[in-house]
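Novice: Quick one: the structure is below, questions incoming.
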Amino acid sequence: MPRLYPKDTLNFLRKLTPRRVVNAAKIVAGYYLTRWTGRPFTWGQPFTVSFEPTTACNLRCPECPSGLRQFTRPTGNLRADFFRRTLDDIADHLLYLIFYFQGEPYINPDFLDMVAEAHQRGVYTITSTNGHFLNDANAKRTIESGLDRLIISVDGTTQEVYEQYRKAGKLDTVLQGARNLVKWKRQLNSPTPHLIFQYLVVGPNEHQMEEVVRLADEIGIDEVKFKTAQLYDYEHGNPLMPQNEAYARYYRKADGTYGIKNKLSNHCWKLWHSCVITWDGLVAPCCFDKDVTHRLGDLKTASLPEVWRGAAYDDFRAKLLRGRAEIDICQNCTEGCEVWLGAEV
């Protein structure tokens, strides 16, 4: 059971409206009816939407298509006018909006303006950052934007360990950015954003997990979350795979090879409550489709409600119900596995 943080929980609850609650109830009902009958029922509109602010990133992380520059799709920045038009169609139904898919959000010069726009419409907003752009001015603007939750990747407590995954990253810059945020939260007397250190547990850094909790407490971070790593080459082991299997998405088989812990049941909560929108308006089924090989719609020619109930989405849901293991992006997916482990701060 995840720990609840009273200030963050109360902030989220204050943003609920009757329309948002009714829409969420429809989504949940449709999902469970689908599981009981094996036929896709889609009621309501998605209550979680991830917008991709940019595909650009300043780092070179080894398991990230953005860091490795491996995209085959076009790259670019989300335009503020397109974001506003799309928000017009979906804001009244959203429980929360995630400003993240691939890339580093703060690289988009309009990013915080878009956060402020969503905040003004009463939408709970979340983003994830590698923390290299949180100088004093950006930290102040972040607090003033009304962002509700900010996840900062801190994958080591010394530069030597940190840079083994966060290639080209500077830990001191990240930690100073976190301190800037805490300072401005206090100076502006703001309860938001809820600040999280995300620690991607891999072989080179698993010995520093306790230390990152102490570091977060020292700086004034609200929460630490340990996240397991998605590895693309795992069958015969991987140097990034942690020794402690509790923090791995994979298990060692009797023959010495590795398999994913997920049993890939033929249902998926993500396909009933959430979707991903790329910087240029393509709709992907979930965050595992990083190169958007399954394009379920294009918001340059249709609205999200139209795409959500369109033939491509319905076909994909039906295909998933027939055999999820046959869908490429599902084969290294952890939906249904416990992938987040919290820590006391």
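Novice: In the range 250-277, which residue that is part of a loop (DSSP other than H, G, I, E, B) and in contact with a Ser or Thr (Cβ under 8 Å, 6 or more places away or on another chain) is farthest from T228 (Cα to Cα)? Reasoning before the result, please.
Specialist: Of the residues in the range 250-277, the ones part of a loop (DSSP other than H, G, I, E, B) are 253-257, 261-269.
Checking the rest, the ones that are also in contact with a Ser or Thr (Cβ under 8 Å, 6 or more places away or on another chain) come to 261-262, 267.
On the way: K261: 12, N262: 13, H267: 22 Å.
The extreme case among them is H267.
Novice: With the requirement that a residue be under 19 Å from S128 (Cα atoms) and either outside any loop (DSSP other than H, G, I, E, B) or open to solvent by 20 Å² or more (accessible area, probe 1.4 Å) (or both), what does the range 80-99 give you? Steps first, please.
Specialist: Within the range 80-99, the subset under 19 Å from S128 (Cα atoms) is 80, 83, 94-99.
Matches in the range 80-99: A80, F83, L95, Y96, L97, I98, F99.
Novice: Those residues that are open to solvent by 60 Å² or more (accessible area, probe 1.4 Å) and among the aliphatic types (A, V, I, L, M), I need them from the range 155-196; list them, please.
Specialist: Of everything in the range 155-196, those that are open to solvent by 60 Å² or more (accessible area, probe 1.4 Å) and among the aliphatic types (A, V, I, L, M) turn out to be A168, L188.
Novice: Could you list, ordered by first residue, the pairs with Cβ atoms under 8 Å in which the first is in the range 79-105 and over 19 Å from K300 (Cα atoms) and small (G, A, S) and the second is part of a helix (DSSP H, G or I) and modelled with pLDDT under 95, at least 6 apart or interchain?
Specialist: As it stands, the answer is G103/S66, since those pairs meet every condition given.
Novice: Right, something else. I'd like to check something: does the range 265-277 contain any residue that is among the small types (G, A, S), at pLDDT 85 or above and within 30 Å of F51 (Cβ to Cβ)? Explain how you work it out, then say what you get.
Specialist: So in the range 265-277, the residues among the small types (G, A, S) come out as 265, 274.
Next cut, at pLDDT 85 or above only: 274.
Imposing the further condition that a residue be within 30 Å of F51 (Cβ to Cβ) reduces the set to 274.
So far as the range 265-277 goes, yes, one or more of its residues are among the small types (G, A, S), at pLDDT 85 or above and within 30 Å of F51 (Cβ to Cβ).
Novice: For a quick check of your reading of the model, give me the residue pairs whose first member lies in the range 205-218 and is closer than 18 Å to P242 by Cα, whose second is aromatic (F, W, Y) and assigned to a helix (DSSP H, G or I), with beta-carbon atoms closer than 8 Å and at least 6 apart or on different chains.
Specialist: Filtered contacts from the range 205-218: N205/Y162; E206/Y247.
Novice: Go through (1) closer than 27 Å to T48 by Cβ; (2) assigned to a loop (DSSP other than H, G, I, E, B) for Y234 and report which single condition fails.
Specialist: Going through (1) closer than 27 Å to T48 by Cβ; (2) assigned to a loop (DSSP other than H, G, I, E, B) one by one, Y234 breaks only (1).
Novice: Take A246 and tell me if it is open to solvent by 10 Å² or more (accessible area, probe 1.4 Å), modelled with pLDDT of 95 or more and farther than 30 Å from R14 by Cβ. Reasoning before the result, please.
Specialist: Details: open to solvent by 10 Å² or more (accessible area, probe 1.4 Å): yes; modelled with pLDDT of 95 or more: no; farther than 30 Å from R14 by Cβ: yes.
Here the answer is no, as A246 does not meet what is asked.
Novice: Has the range 41-55 got any residue that is outside any loop (DSSP other than H, G, I, E, B), small (G, A, S), within 14 Å of Y96 (Cβ to Cβ) and in contact with a strand residue (DSSP E or B) (Cβ under 6 Å, 6 or more places away or on another chain)? Spell out how you get there, then give the answer.
Specialist: Just the residues of the range 41-55 that are outside any loop (DSSP other than H, G, I, E, B), to begin with: 48-51, 54.
With small (G, A, S) added as a condition, the list becomes 50.
Imposing the further condition that a residue be within 14 Å of Y96 (Cβ to Cβ) reduces the set to 50.
Now drop any that are not in contact with a strand residue (DSSP E or B) (Cβ under 6 Å, 6 or more places away or on another chain), which leaves 50.
Yes - at least one qualifying residue is present in the range 41-55.
Novice: Here are the criteria: (1) of a type outside the set (S, T, Y); (2) in a loop (DSSP other than H, G, I, E, B); (3) open to solvent by 20 Å² or more (accessible area, probe 1.4 Å); (4) in contact (Cβ under 8 Å) with a residue 24 or more places away in the chain. Tell me which single one P305 does not satisfy.
Specialist: Status for P305: all satisfied but (2).
Novice: Pick from K26, K7: which is in contact with a Gly (Cβ under 7 Å, 6 or more places away or on another chain) and either of a type outside the set (S, T, N, Q) or closer than 24 Å to T293 by Cβ (or both)? Walk me through how you get there before you give the answer.
Specialist: Working: K7 fails: in contact with a Gly (Cβ under 7 Å, 6 or more places away or on another chain).
Of K26, K7, the one residue that is in contact with a Gly (Cβ under 7 Å, 6 or more places away or on another chain) and either of a type outside the set (S, T, N, Q) or closer than 24 Å to T293 by Cβ (or both) is K26.
Novice: Follow-up question, since we're still on this one. Suppose we filter the range 308-332 for residues that are exposed (fewer than 14 other Cβ atoms within 10 Å of the Cβ) and of a type in the set (S, T, N, Q); how many remain?
Specialist: Number of matching residues: 1.
Novice: Oh, and also: Filter the range 197-222 for residues that are under 26 Å from F288 (Cβ atoms) and touching a Leu at 6+ places or on another chain (Cβ under 7 Å); which is surrounded by the fewest Cβ atoms within 10 Å (Cβ to Cβ)?
Specialist: Among those residues, the one meeting the criterion is G203.
Novice: Of (1) out of contact with any helix residue (DSSP H, G or I) (no Cβ under 9 Å at 6 or more places or on another chain); (2) surrounded by 17 or more Cβ atoms within 10 Å (Cβ to Cβ); (3) over 19 Å from L271 (Cα atoms), S50 satisfies all except one. Which?
Specialist: Status for S50: all satisfied but (3).
Novice: Of T72, T37, which residue is of a type in the set (S, T, N, Q) and either surrounded by 21 or more Cβ atoms within 10 Å (Cβ to Cβ) or touching a residue at least 12 places away in the same chain (Cβ under 8 Å) (or both)?
Specialist: Working: T37 fails: either surrounded by 21 or more Cβ atoms within 10 Å (Cβ to Cβ) or touching a residue at least 12 places away in the same chain (Cβ under 8 Å) (or both).
Exactly one residue qualifies, and that residue is T72.
Novice: If we scan the range 322-345, do we find a residue that is modelled with pLDDT under 85 and hydroxyl-bearing (S, T, Y)?
Specialist: yes
The values are calculated or read from the model by the stated rules, or taken from the named source; none is laboratory data. Not measured: the values here are computed from a predicted model. Here Cβ is always computed from backbone atoms with ideal geometry, including for glycine, and neighbour counts include all displayed protein chains. Side chains included, ligands, DNA and RNA excluded: accessible areas come from the protein's heavy atoms. Shrake-Rupley method; radii C 1.70, N 1.55, O 1.52, S 1.80 Å.
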